1. Could you tell me whether any residue of region 94-108 is modelled with pLDDT under 90 and part of a strand (DSSP E or B)?
2. Among the residues of region 88-123, which ones are small (Gly, Ala, Ser), touching a residue at least 40 places away in the same chain (Cβ under 8 Å) and in contact with a strand residue (DSSP E or B) (Cβ under 9 Å, 6 or more places away or on another chain)?
3. Starting from region 76-87, keep only residues that are exposed (fewer than 12 other Cβ atoms within 10 Å of the Cβ), then list their pairs with residues that are among the aliphatic types (A, V, I, L, M) and not in a strand (DSSP E or B) whose Cβ atoms are within a distance under 6 Å, requiring at least 6 positions of separation or different chains.
4. Of the numbered conditions (1) in a strand (DSSP E or B); (2) crowded, with 18+ Cβ neighbours inside 10 Å, Glu147 fails exactly one; give the number of that condition.
5. Out of Ala140, Ala120, which single residue is in contact with a Gly (Cβ under 7 Å, 6 or more places away or on another chain), more than 17 Å from Arg26 (Cα to Cα) and modelled with pLDDT under 95?
6. On the given criteria, is Arg73 modelled with pLDDT of 95 or more and within 28 Å of Asp121 (Cβ to Cβ)?
7. For the subset of region 123-137 comprising residues that are in a strand (DSSP E or B) and either modelled with pLDDT under 95 or not aliphatic (A, V, I, L, M) (or both), which member is farthest from Ala66 (Cα to Cα)?
8. Taking region 147-158 on its own, how many of its residues are within 19 Å of Arg73 (Cα to Cα) and modelled with pLDDT under 95?
Amino acid sequence: MRPFLAGLFLLLFAPTLPAAGVELIRVWPTWHNEEDFERISDYFGRSPENGPGREIVLRTHPDSRAGYYFLVRLKNTTESAGIKFELSVIRPDALRATVFTFPAALRARESIYQLGLTGADWPSGRKVHPVAWKLTVLAADGRVLAEQKSFLWEKPAK
């Protein structure tokens, strides 16, 4: 009888678990040179960069590999087509944030994405870092699935 009562107690009074969805585990901004993305396949006809099992690379200018990247590690519990990453970045030479959108499909597992600001979208080079940034994962209908931001993105609440 005791195991039954203990189970009933847990069902009634245990904290509810969050709904299944997308969890941003880590966002790591850093500069990458073009050669950082070279693969052996580049020398044998250039197979797709985003092969199965690899990190998925999305760039603002697909023809340019050098740039400022945000490595995004996330966990997703269900397949999600039609989502988009919305990356807002404040550069040292700008007063307002610039918003970049990266359409994607999420796999039902832990995944790694490289979101690259390349070409004219990051002309500053490797020595310049963003002042602040915010990454939002949006569902096809516009709902916010997950969000993470740098320390300087907003003023702390008092």
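The values are calculated or read from the model by the stated rules, or taken from the named source; none is laboratory data. Predicted model, so just to flag it, every value in this text is computed and none were measured. With ideal geometry, Cβ positions are generated from the backbone for all residues, glycine too; neighbour counts draw on all protein chains shown.
1. Within region 94-108, one or more residues are modelled with pLDDT under 90 and part of a strand (DSSP E or B).
2. At the first step, the residues of region 88-123 found to be small (Gly, Ala, Ser) are 88, 94, 97, 104-105, 108, 111, 116, 119-120.
From what's left, touching a residue at least 40 places away in the same chain (Cβ under 8 Å): 88, 104, 111, 116, 119-120.
Selection gives Ser88, Ala104, Ser111, Gly116, Gly119.
3. Hits for this filter: Thr78/Ala108; Glu79/Ala108.
4. It is condition (2) that Glu147 fails.
5. Values: Ala120 fails: in contact with a Gly (Cβ under 7 Å, 6 or more places away or on another chain).
Ala140 is the lone residue from the list that is in contact with a Gly (Cβ under 7 Å, 6 or more places away or on another chain), more than 17 Å from Arg26 (Cα to Cα) and modelled with pLDDT under 95.
6. Numbers: modelled with pLDDT of 95 or more: yes; within 28 Å of Asp121 (Cβ to Cβ): yes.
It is true that Arg73 is modelled with pLDDT of 95 or more and within 28 Å of Asp121 (Cβ to Cβ).
7. Taking region 123-137 as the starting set, the residues that turn out to be in a strand (DSSP E or B) are 132-137.
Within this subset, residues satisfying the condition of being either modelled with pLDDT under 95 or not aliphatic (A, V, I, L, M) (or both) are 133-134, 136.
Numbers: Trp133: 19, Lys134: 21, Thr136: 23 Å.
Per the stated criteria, the residue is Thr136.
8. Quick first cut of region 147-158, residues within 19 Å of Arg73 (Cα to Cα) only: 147-151.
When the remaining residues are screened for being modelled with pLDDT under 95, the result is 151.
Qualifying residue count for the region: 1.
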